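Read through the structure below, which is laid out as structure tokens, and then see the notes.
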């Protein structure tokens, strides 16, 4: 099956957070508060995928409530932070949603994503992912993490499925 055919079958997008939805940088204040920066173009694509009826989730090892706040604001309700076992978290999520793993894209960037990416139908990564992740990825975005790589993969899938210019889903 070619990549085009795999994109046609996608029902679910799952993303790692740090290094995928962010550039992996963490700003720390003198008081110890940590800040991540998300890309607005990724945000637009994430909320559009939700409005178009796709399952959209994030699984992060980081235990940062700000991740949940940002993604919930975009309509992404399935946000798993502090995930110690990403494979178990994904499998539970797919069972709860009744989703076949072959219809899932997982975008990861580093070693903690390796095993979970191997259970998905379409493992993908940003341009700046580590070599081990690039090796197992079916698609490598030309865009680095936190700079629009999530938008890249969502846009490709929605265009192939004829849902990209869905007028009902345009409004925020």
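The values are calculated or read from the model by the stated rules, or taken from the named source; none is laboratory data. For clarity, every value in this text was computed on a predicted model and none was experimentally measured. Ideal geometry is used to build each Cβ from the backbone, glycine not excepted, and the neighbour counts take in all protein chains shown.
Taken together, 124, 79, 157 contain a single residue that is in contact with a helix residue (DSSP H, G or I) (Cβ under 8 Å, 6 or more places away or on another chain), farther than 16 Å from residue 8 by Cα and outside any loop (DSSP other than H, G, I, E, B), which is 79.
Condition check ((1) within 16 Å of the chain's Cα centre (by Cα); (2) surrounded by fewer than 21 Cβ atoms within 10 Å (Cβ to Cβ); (3) under 19 Å from residue 40 (Cβ atoms)) across all residues:
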site: 86; (1), (2), (3): yes, no, no
site: 96; (1), (2), (3): no, yes, no
site: 100; (1), (2), (3): no, yes, no
site: 114; (1), (2), (3): yes, yes, no
site: 121; (1), (2), (3): yes, yes, no
site: 143; (1), (2), (3): yes, yes, yes
site: 146; (1), (2), (3): yes, no, yes
site: 161; (1), (2), (3): no, yes, no
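Determine whether region 89-99 contains at least one residue that is in a loop (DSSP other than H, G, I, E, B), closer than 17 Å to residue 53 by Cα and at pLDDT 95 or above. Yes: region 89-99 contains one or more residues that are in a loop (DSSP other than H, G, I, E, B), closer than 17 Å to residue 53 by Cα and at pLDDT 95 or above.
One residue stands out among those in region 140-154 that are touching a helix residue (DSSP H, G or I) at 6+ places or on another chain (Cβ under 6 Å) and outside any loop (DSSP other than H, G, I, E, B): the one that is nearest to residue 16 (Cα to Cα), which is 150. Against the test of being touching a residue at least 24 places away in the same chain (Cβ under 8 Å) and part of a loop (DSSP other than H, G, I, E, B), the options 14, 20, 50, 116 yield a single qualifying residue, 20. The single residue among 43, 24, 31 that is closer than 15 Å to residue 152 by Cβ and either out of contact with any helix residue (DSSP H, G or I) (no Cβ under 7 Å at 6 or more places or on another chain) or surrounded by fewer than 18 Cβ atoms within 10 Å (Cβ to Cβ) (or both) turns out to be 43.
The C-beta contact set for region 25-37 (first residue touching a residue at least 12 places away in the same chain (Cβ under 8 Å), second residue assigned to a loop (DSSP other than H, G, I, E, B) and surrounded by fewer than 10 Cβ atoms within 10 Å (Cβ to Cβ), distance under 6 angstrom, 6+ apart or interchain) is empty.
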